[in-house]
Amino acid sequence: MLLSATLVVALTACSGAGAEQGPNDPNAQTNARSGDQGEALSGERAGERATAQADDPRPLVLTTFTVLADIARNVAGEHLRVESITTPGAEIHGYEPTPGDLRRASGADLIVDNGMHLEAWFEQFVADLDAPHRVATTGIDAIEIASGEAAGTQNPHAWMSPLAAQRYVDNLVEAFAELDPEHAADYRANGEAYKAELRAVHEELVTAVEELPESQRVLVTCEGAFSYLARDAGLEERYLWAVNAERQATPRRVAAAIDAVREQRVPAVFCESTVSDAPMQRVVESTDAVFGGTLYVDSLSAADGPVPTYLELIRHDADVIATALTGASEGEKE
Ligand SMILES: [Zn+2]
């Protein structure tokens, strides 16, 4: 008993070194289960979990990715424990859940996914779980993917429209009120307050793009993840591949992007934080465009990074896009 306690102390000390760990880190969950001051050091996983639940009696809501977790936290307020299965920076489309993810999920009171085939792994993940799950995008009018292997299917990145994200909020309010009826009024109030912030950030986005000359309102990215944002903001969207699930920057697609950038004299192109920007750098090398910066879509950054929240993600992307497309940085290129 003493030996196992010592071992767990050692393990906790190692994994606990990252004091910066956000709530989205699976290790953070392990640490939480281990207790703060050794109370839960009895070793057995079940015992740890029981102690963690005793420490935090709030229902556990698990979401599939960090953006959704942040939106959900804004609705949940203090009443629910909201965590993300994937960590900041993770690739969400083709993620491979770990046995640890399944263990966490088996203890969840509610699991929320984005749906629209964003999480290719989700159906199998929840197949053997008892916890109820809800789809955050229910009721949203999907934009269809225009090209590639997934042509004709729903583009899953609906959260990139702050206006559509209001429907995420409504769905979460409903799900949380069902899970925890006692606090239903708080969830509704939190949801309304957050939706006002979403409308405000939408206005900021539209205003930023409106300041661009009309001919420069072209957004060229790696993944076609900006269809909703481009629609809202009045941008023309081009991309190297439609969804990360295929992620094929074929020579033909790169060549097509190079042609388009040249023809439309696009001043800057972009790529997303969760994928390699190497194919887009080839576009930069072959055109007058500069690399305009890294955009965030499928994941938030770590807490000390540029986009620790969803609202900051939209603000960051709007700012990077508008700044680079003004052509102000054109002179930097040889
Ligand atoms: Zn994506």
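Just so it is clear, none of the values below were taken in a lab; they were calculated from the coordinates. These numbers come from a predicted model, not from an experiment. Cβ placement follows ideal geometry from the backbone for every residue including glycine, while neighbour counts extend to all protein chains displayed.
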Net charge near Phe226 (other residues with Cβ under 14 Å of its Cβ; Lys, Arg +1; Asp, Glu -1) is -4
Local charge sum around Ile85 (other residues, Cβ-Cβ under 10 Å, Lys/Arg +1, Asp/Glu -1)?
-3
Using θ = phi - 60° and the Karplus curve 6.51 cos²θ - 1.76 cosθ + 1.60, what whole-Hz ³J(HN,Hα) does each residue of the stretch 320-326 get, with Gly and Pro shown as x?
5, 5, 5, 5, 6, 7, 5
Asp288-Val135 FRET efficiency (beta carbon distance; Förster radius 45 Å; 0.05 resolution)
0.55
When Lys and Arg each count +1 and Asp and Glu each count -1, what net charge do the other residues less than 10 Å away from Ser286, Cβ to Cβ, add up to?
-1
Quick calc, Asp56 & Val254: beta-carbon distance into FRET formula, R0 45 Å, rounding 0.05, result 0.35
Can you compute 3J(HN,Hα) from phi for each residue in the stretch 61-77, using the Karplus curve 6.51 cos²θ - 1.76 cosθ + 1.60 with θ = phi - 60°, rounded to whole Hz and x for Gly and Pro?
9, 9, 10, 7, 8, 5, 5, 5, 4, 5, 4, 5, 5, 5, 7, 6, x
Stretch Ala120-Glu211 to full length: gain in nm at 0.36 nm per residue minus the Cα-Cα span?
29.0 nm
Among 55-68, 98-111, the order from most to least packed when residues are scored by Cβ within 10 Å on average:
55-68, 98-111
Sort Met280, Met116, Met160 so that the residue with the fewest other Cβ atoms within 10 Å of its own Cβ comes first and the one with the most comes last.
Met116, Met280, Met160
Taking the Cα centre of the stretch 57-202 as origin and charging only Cβ (+1 Lys, Arg; -1 Asp, Glu), how large is the dipole, in debye to the nearest 20?
320 debye
What is the distance, in nm, between label points placed 7 Å from the Cα along the Cα-to-Cβ direction at Asp319 and at Glu182?
4.1 nm
What's the FRET efficiency of Ala90 with Ala196 using the Cβ-Cβ distance as r and R₀ = 22 Å, to the nearest 0.05?
0.15
Inter-label distance for Thr326 and Leu102, nm, one decimal - labels placed 7 Å from Cα along Cα-to-Cβ
5.3 nm
